[in-house]
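Peer 1: Would you mind keeping the following structure in view while I ask a few things?
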């Protein structure tokens, strides 16, 4: 059975990152990689501890996370509602889908100059960029998820006396859920990318701001630390998305236990 | 319970005439089978009776009692169980409560599986759940759209037996669409042969239940089969 294979051990996926970190440390200590080019993991951790003690680390991480959550919530809600209406009501689809598809092809980070002119470099600029980036993947996946719900199940629901609302909550929404979750997972990635760029260009706080200031003072350890922070936050949000998948798709054998 | 009356029913999809001049009166509580080659219009006829398709010409009426479209249920070719609902919740849909659902599952012998997911069941078990779901709302009319076509021979015989038993017990009006003539003769009071959208034969089956494959059984079978093959 699949379950008993040795590589199904929970720790196994962490083997590769651990080996890479150890290798990195060893190469740094042997001076094969100069610490002005790339500080060793221990130096990065030390920088982290230093900033944690002054309280800077928590502050910047908190601000970035707040932006990510607010931007994701706004963009996600707009994308989800648009996908919902366009997937269920043909009138809305005809009215808005073409326009949305057109706007979607613009890389949302190309809006940065415009956004800075509109909102300055305040909070709303970053939240706006995240929201725009998040909106489209959620919209597209919600829309196609609803469009691809098994018509036969909907017909069955009608024959078996389900009301429109019951059809929606019992068949259409759960049927679209796998796609919606793919959208959420993808959108979480977009969230952090948008935030990194937005915070590097104009900000007075946040992880991106930390990176830019550290660059100006040539603090390599902090620059690398910020990259690691983004990686951790990204992995954390992906983990949350995975938990959602397990929760909502537990009926699907592919998500049942590995 | 109620019956069904079709008068000069025609159905076309664009230029494609699928049903023409169908006159049938189906009394309440009877068991009728509709057989024919694939593409003869038998599934469309069933969908018309269920109200899933409108007639192009003629009329469809529900007779012999208080007729409500909501009391018609269909058992489809595929089980159409909702994959994200447990077996019990699959049966308890459209106004059926848990207790009624459990009773229906009990009747098809699957109450032990009520907490399982549909994909954990075999094909035959899934169709039994679909039958339970159809019965749970105590329908007046139950339409079978080749529900046993995908099952193996043994499971199929078991299901035929179960359907006959439940029909005798609850007395709903049944219409079975099938391409299996022996299944039709086994279950129905009356077999209608459909070809190119029209009725070719309307045959009473006057056999004692439970039915054995005796000489009279096979002679009915042969007569119907000849009609289908000969057109």
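Peer 1: Looking at A:105, A:96 in this structure, which one is over 24 Å from residue B:50 (Cα atoms), out of contact with any helix residue (DSSP H, G or I) (no Cβ under 7 Å at 6 or more places or on another chain), surrounded by fewer than 17 Cβ atoms within 10 Å (Cβ to Cβ) and away from every other protein chain (no Cβ under 14 Å)?
Peer 2: Testing whether each residue is over 24 Å from residue B:50 (Cα atoms), out of contact with any helix residue (DSSP H, G or I) (no Cβ under 7 Å at 6 or more places or on another chain), surrounded by fewer than 17 Cβ atoms within 10 Å (Cβ to Cβ) and away from every other protein chain (no Cβ under 14 Å) leaves just A:105.
Peer 1: Looking at the structure I just gave you, is residue B:31 within 14 Å of chain A (Cβ to nearest Cβ) and modelled with pLDDT of 90 or more?
Peer 2: Against the criterion (within 14 Å of chain A (Cβ to nearest Cβ) and modelled with pLDDT of 90 or more), residue B:31 does not qualify.
Peer 1: While we're here: Going through A:184, A:138, A:172 one at a time, which residue ends up being crowded, with 19+ Cβ neighbours inside 10 Å, within 26 Å of residue A:80 (Cα to Cα), in contact (Cβ under 8 Å) with a residue 60 or more places away in the chain and within 14 Å of chain B (Cβ to nearest Cβ)?
Peer 2: A:172
Peer 1: Right, another one. Name the one entry in A:96, A:142 that is farther than 28 Å from residue B:96 by Cβ and at pLDDT 95 or above.
Peer 2: A:142
Peer 1: Is it fair to say residue B:106 is free of Cβ contacts under 8 Å to residues at least 12 places away in the same chain and within 10 Å of chain A (Cβ to nearest Cβ)?
Peer 2: So residue B:106 does not fit the description; no.
Peer 1: Kindly list the number of the only condition in (1) surrounded by fewer than 17 Cβ atoms within 10 Å (Cβ to Cβ); (2) part of a helix (DSSP H, G or I) that fails for residue A:34.
Peer 2: (2)
Peer 1: Restrict the check to the stretch B:103-110 and report whether at least one residue is closer than 30 Å to residue B:14 by Cα and crowded, with 20+ Cβ neighbours inside 10 Å.
Peer 2: no
Peer 1: Can you say whether residue B:195 is more than 30 Å from residue B:86 (Cα to Cα), touching a helix residue (DSSP H, G or I) at 6+ places or on another chain (Cβ under 8 Å) and modelled with pLDDT under 90, as far as the supplied structure shows?
Peer 2: Spelling it out, residue B:195 is indeed more than 30 Å from residue B:86 (Cα to Cα), touching a helix residue (DSSP H, G or I) at 6+ places or on another chain (Cβ under 8 Å) and modelled with pLDDT under 90.
Peer 1: Run residue A:56 past the list (1) in contact (Cβ under 8 Å) with a residue 60 or more places away in the chain; (2) surrounded by 14 or more Cβ atoms within 10 Å (Cβ to Cβ); (3) over 25 Å from the mean Cα position of the chain (by Cα) and report the number of the one that doesn't hold.
Peer 2: If we test residue A:56 against (1) in contact (Cβ under 8 Å) with a residue 60 or more places away in the chain; (2) surrounded by 14 or more Cβ atoms within 10 Å (Cβ to Cβ); (3) over 25 Å from the mean Cα position of the chain (by Cα), just (3) comes out false.
Peer 1: Within the stretch A:108-123, can one find any residue that is crowded, with 19+ Cβ neighbours inside 10 Å, at pLDDT below 90 and either within 19 Å of the chain's Cα centre (by Cα) or not in a helix (DSSP H, G or I) (or both)?
Peer 2: yes
Peer 1: Let me ask you something else. Among B:36, B:51, which is in contact with a helix residue (DSSP H, G or I) (Cβ under 9 Å, 6 or more places away or on another chain) and more than 14 Å from chain A (Cβ to nearest Cβ)?
Peer 2: Answer to the check: B:36.
Peer 1: Looking only at the stretch B:90-100, which residues are in contact with a helix residue (DSSP H, G or I) (Cβ under 8 Å, 6 or more places away or on another chain) and either at positive phi or more than 7 Å from every other protein chain (Cβ to nearest Cβ) (or both)?
Peer 2: Listed by number, the residues that qualify are B:90, B:91, B:92, B:94, B:96, B:98, B:100.
Peer 1: Another question, if that's okay. If you go through the stretch B:183-203 one residue at a time, do you hit one that is assigned to a helix (DSSP H, G or I), over 15 Å from the mean Cα position of the chain (by Cα) and either more than 14 Å from chain A (Cβ to nearest Cβ) or surrounded by 24 or more Cβ atoms within 10 Å (Cβ to Cβ) (or both)?
Peer 2: no
Peer 1: Related question: Give the residues of the stretch A:214-256 that are within 14 Å of chain B (Cβ to nearest Cβ) and in contact (Cβ under 8 Å) with a residue 60 or more places away in the chain, sorted by residue number.
Peer 2: A:245, A:248, A:249, A:252
Peer 1: Go through B:148, B:131, B:162 for me and flag whichever is surrounded by 19 or more Cβ atoms within 10 Å (Cβ to Cβ), more than 12 Å from every other protein chain (Cβ to nearest Cβ) and in a helix (DSSP H, G or I).
Peer 2: Going through B:148, B:131, B:162 in turn, the sole match is B:131.
Peer 1: Exactly one of (1) part of a helix (DSSP H, G or I); (2) over 19 Å from residue B:80 (Cα atoms) is unmet by residue A:204. Its number?
Peer 2: So residue A:204 meets the others, but not (1).
Peer 1: Can you find even one residue in the stretch B:15-26 that is buried (at least 20 other Cβ atoms within 10 Å of the Cβ), within 16 Å of the chain's Cα centre (by Cα) and outside any strand (DSSP E or B)?
Peer 2: For the stretch B:15-26, residues buried (at least 20 other Cβ atoms within 10 Å of the Cβ), within 16 Å of the chain's Cα centre (by Cα) and outside any strand (DSSP E or B): absent.
The values are calculated or read from the model by the stated rules, or taken from the named source; none is laboratory data. Quick caveat, the model's predicted, so the values are computed rather than measured. Please note: Cβ atoms are built from the backbone with ideal geometry, for glycine as well, and neighbour counts cover all protein chains shown.
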